[in-house]
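Asker: Okay, handing you the structure first.
The values are calculated or read from the model by the stated rules, or taken from the named source; none is laboratory data. The structure presented is a predicted model; accordingly, all values stated were derived computationally and were not measured. Neighbour counts are summed over all protein chains in view; Cβ atoms, including those assigned to glycine, are modelled from backbone coordinates with ideal geometry.
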């Protein structure tokens, strides 16, 4: 039971049952007026850039804990929608995800970690909704062009095969399918997609269009056939607003990608504000966070823009960030299929800033109210810009009417986001408040969230603290023998290209599989190379070595090992570093960039086919190059910029290339290796940078 205590009220919001006199504005919650929009859920997006890359590599026990915080009902975020990238072999923000069809003549549904994530989410919550969306496409889909819509039937077949693979291989029903992330849509293709889904038995897989802006509303208004086949208008980063034309279109409106904000307390404030105000301002009935979990290397784009963070599979360390508990305020006390109350009868803005929404169960027996008072500077999202507004402390009275007039008690959950060093109080169970004469009084402070609900059973889940954080371990080696066939290798984060584990005889290795450039999302592939990074962007002196072979058929023009790679994500096409290429024409090139436009030196390789070992050691401004454990050259005066970066391997062009026995080490081990290869004592430098002559 709640009691009014003056001291407590000075420190935080107060909530008391009222008898007789009511103070502050009266907020009515009444289910009587009119028809109401259906709540479609709160979700997270895995992919859109390989954002769950490192998660799959965690030790199983810790991985299960992380997944519980994301998906388990009444435990953590308890997400109601899982949106995943339909991998297209294309860079889509922080990496590439493998396509189920690298080429038109083959299919493989064992590739990629999104299938694993879908299964894990469904194991925890069988009612979670699944949503697939492409970011890029294998080059063959374009039928010789850069346009995926060139042949609508080919593209629809490609996407629906993914839906079919989910059903046949994993027994998973895809609830929603999208068009092309943040790129142009094609009305003829949308109609062809609907027809193809229907013909193959997927009448219940609904279309969300078009995962960009509001433009498609204009086409819906002009085209009754198009309108009939679209379930929801999905937009990205709407700033909580929608145009009148969308609100009157007769379609569900979704923020099908939102948030994308650093997951500190300001990020939590952003998430709290938009979860309410996407409906209050824009009538959006679903909001999906990009991304689900920040599980990609620091220094890649949009680091920690996830609901929680898991970036160290080698240590097992992870962080349950505040947006998890902001999510719980809604998700633990609602279900997909509930209804929003109407504006003025349970949805609206608070008089002194902030917002409230009320949702009720289909039987009208349960009610959940979520209130937020996020201040402007403590709830900034990455986009769009937030117009000025003010929130001040305020008293309000909740008045329950209609079917809710008989409610006698509400369970209360509370969050106070704090800034400037004071720890936040997140998702605290405050027990019950009695409803007297149909009303409850609240005294609201700043940057607070309240959930008042008839539902019991909410839980702030917990596990013992995860292991301490540790740096990426050096020396590091991987022979890929323990890797799962057809999956991409652990810890190697492919930025362009698509690498997967294969087996020949008793040997497992990884192969770059793309034969041509994909239909890109962000043009990263214009460098024409497959680039795979690993480790730490602060590495300076480093030894990188790998075995490789170039298949005779469809082989790449060469491979590389690299250190000090300074870029990933979409800017990877302009990445600098120290790249050692071994080319199929029998030459090697040492370059300061992935594009090979900044050549440092070059020379001939010893002849011979089959497997070879390529070795690069960087120490300060000296590079040691070796091939098949024999010296190539020592280069003095290599460029000093970038001074640090990731290690990497990759190919000189798209085409098949095989890699095995990756080894990365620091200076101490690098010196030992190169002394063995160059035979002690190390010879004088064989090449001097022109500026050093």
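Asker: Out of the residues in the range 35-62 that are assigned to a helix (DSSP H, G or I) and touching a helix residue (DSSP H, G or I) at 6+ places or on another chain (Cβ under 7 Å), which is farthest from residue 459 (Cα to Cα)?
Answerer: Step one: filter the range 35-62 for residues assigned to a helix (DSSP H, G or I), giving 55-57, 60-62.
Going one step further and asking which of them are touching a helix residue (DSSP H, G or I) at 6+ places or on another chain (Cβ under 7 Å), we end up with 55-56.
Working: 55: 24, 56: 26 Å.
Among those residues, the one meeting the criterion is 56.
Asker: Got at least one residue in the range 557-572 being out of contact with any helix residue (DSSP H, G or I) (no Cβ under 9 Å at 6 or more places or on another chain), farther than 16 Å from residue 534 by Cα and surrounded by fewer than 22 Cβ atoms within 10 Å (Cβ to Cβ)?
Answerer: yes
Asker: Which members of the range 144-157 meet the condition of being over 11 Å from residue 519 (Cβ atoms) and buried (at least 20 other Cβ atoms within 10 Å of the Cβ)?
Answerer: 156 - this is the single residue of the range 144-157 that is over 11 Å from residue 519 (Cβ atoms) and buried (at least 20 other Cβ atoms within 10 Å of the Cβ).
Asker: For the range 318-353, what are the residues that are touching a strand residue (DSSP E or B) at 6+ places or on another chain (Cβ under 7 Å), assigned to a loop (DSSP other than H, G, I, E, B) and farther than 30 Å from residue 464 by Cα?
Answerer: Scanning the range 318-353 gives 336, 337, 338, 341, 345, 346, 350, 351, 352.
Asker: Same structure, new question: Considering every residue within the range 302-317, establish whether at least one is in a strand (DSSP E or B), in contact with a helix residue (DSSP H, G or I) (Cβ under 6 Å, 6 or more places away or on another chain) and either buried (at least 24 other Cβ atoms within 10 Å of the Cβ) or not assigned by TED's automatic domain parsing to the domain that holds residue 239 (or both).
Answerer: The answer is yes, given that some residue of the range 302-317 is in a strand (DSSP E or B), in contact with a helix residue (DSSP H, G or I) (Cβ under 6 Å, 6 or more places away or on another chain) and either buried (at least 24 other Cβ atoms within 10 Å of the Cβ) or not assigned by TED's automatic domain parsing to the domain that holds residue 239 (or both).
Asker: Which condition breaks for residue 140 when tested against (1) surrounded by fewer than 19 Cβ atoms within 10 Å (Cβ to Cβ); (2) out of contact with any helix residue (DSSP H, G or I) (no Cβ under 8 Å at 6 or more places or on another chain); (3) farther than 22 Å from residue 236 by Cβ?
Answerer: Just one mismatch for residue 140, condition (1).
Asker: Could you please find all residues in the range 21-77 being at positive phi, surrounded by fewer than 23 Cβ atoms within 10 Å (Cβ to Cβ) and either in contact with a strand residue (DSSP E or B) (Cβ under 7 Å, 6 or more places away or on another chain) or without any contact (Cβ under 8 Å) to a residue 40 or more places away in the chain (or both)?
Answerer: Taking the range 21-77 as the starting set, the residues that turn out to be at positive phi are 24, 34, 41, 47-50, 74.
Among the residues that remain, those that are also surrounded by fewer than 23 Cβ atoms within 10 Å (Cβ to Cβ) are: 24, 34, 74.
If the condition is that a residue be at positive phi, surrounded by fewer than 23 Cβ atoms within 10 Å (Cβ to Cβ) and either in contact with a strand residue (DSSP E or B) (Cβ under 7 Å, 6 or more places away or on another chain) or without any contact (Cβ under 8 Å) to a residue 40 or more places away in the chain (or both), then 24 is the only one that fits.
Asker: What is the one condition in (1) at pLDDT 95 or above; (2) in contact with a strand residue (DSSP E or B) (Cβ under 9 Å, 6 or more places away or on another chain); (3) assigned to a helix (DSSP H, G or I) that residue 8 does not satisfy?
Answerer: Failing condition for residue 8: (1).
Asker: Tell me, which strands (runs of 3 or more DSSP E) wholly within the range 508-601 include 1 or more residues that are within 21 Å of residue 663 (Cβ to Cβ) and touching a residue at least 60 places away in the same chain (Cβ under 8 Å)?
Answerer: By residue number, 530-534, 542-549, 558-565, 576-583.
Asker: Ok, one more. Could you please find all residues in the range 419-439 being modelled with pLDDT of 95 or more, out of contact with any helix residue (DSSP H, G or I) (no Cβ under 7 Å at 6 or more places or on another chain) and farther than 22 Å from residue 396 by Cβ?
Answerer: 423
Rundown of residues vs (1) buried (at least 16 other Cβ atoms within 10 Å of the Cβ); (2) in contact (Cβ under 8 Å) with a residue 24 or more places away in the chain; (3) more than 27 Å from the chain's Cα centre (by Cα), yes/no style:
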residue	(1), (2), (3)
408	no, yes, yes
413	yes, yes, yes
419	no, yes, no
443	yes, yes, yes
458	yes, yes, no
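Asker: Among the candidates 283, 275, single out the residue that is touching a helix residue (DSSP H, G or I) at 6+ places or on another chain (Cβ under 7 Å), crowded, with 24+ Cβ neighbours inside 10 Å and not assigned by TED's automatic domain parsing to the domain that holds residue 346. Please lay out each step first, then the result.
Answerer: On the way: 283 fails: crowded, with 24+ Cβ neighbours inside 10 Å.
One residue alone meets the criteria, 275.
Asker: Check 257, 182 and return the single one that is at positive phi, buried (at least 16 other Cβ atoms within 10 Å of the Cβ) and in contact with a strand residue (DSSP E or B) (Cβ under 6 Å, 6 or more places away or on another chain).
Answerer: 182
Asker: Something else: Kindly check whether there is at least one residue in the range 502-519 that is within 25 Å of residue 309 (Cα to Cα), out of contact with any strand residue (DSSP E or B) (no Cβ under 6 Å at 6 or more places or on another chain) and buried (at least 18 other Cβ atoms within 10 Å of the Cβ).
Answerer: Checking the range 502-519: not a single residue is within 25 Å of residue 309 (Cα to Cα), out of contact with any strand residue (DSSP E or B) (no Cβ under 6 Å at 6 or more places or on another chain) and buried (at least 18 other Cβ atoms within 10 Å of the Cβ).
Asker: What do you reckon, is residue 204 assigned to a helix (DSSP H, G or I) and assigned by TED's automatic domain parsing to the domain that holds residue 275?
Answerer: Judged against the criteria, residue 204 is not a match.
Asker: Hey, can you tell me all the residues within the range 187-201 that are touching a residue at least 24 places away in the same chain (Cβ under 8 Å) and either surrounded by 19 or more Cβ atoms within 10 Å (Cβ to Cβ) or assigned to a helix (DSSP H, G or I) (or both)?
Answerer: Hits for the range 187-201 are 187, 188, 189, 190, 191, 192, 193, 194, 195, 196, 197.
Asker: What number of residues within the range 104-137 satisfy the criterion of being in a loop (DSSP other than H, G, I, E, B), out of contact with any helix residue (DSSP H, G or I) (no Cβ under 8 Å at 6 or more places or on another chain) and buried (at least 20 other Cβ atoms within 10 Å of the Cβ)?
Answerer: Selection size over the range 104-137: 4.
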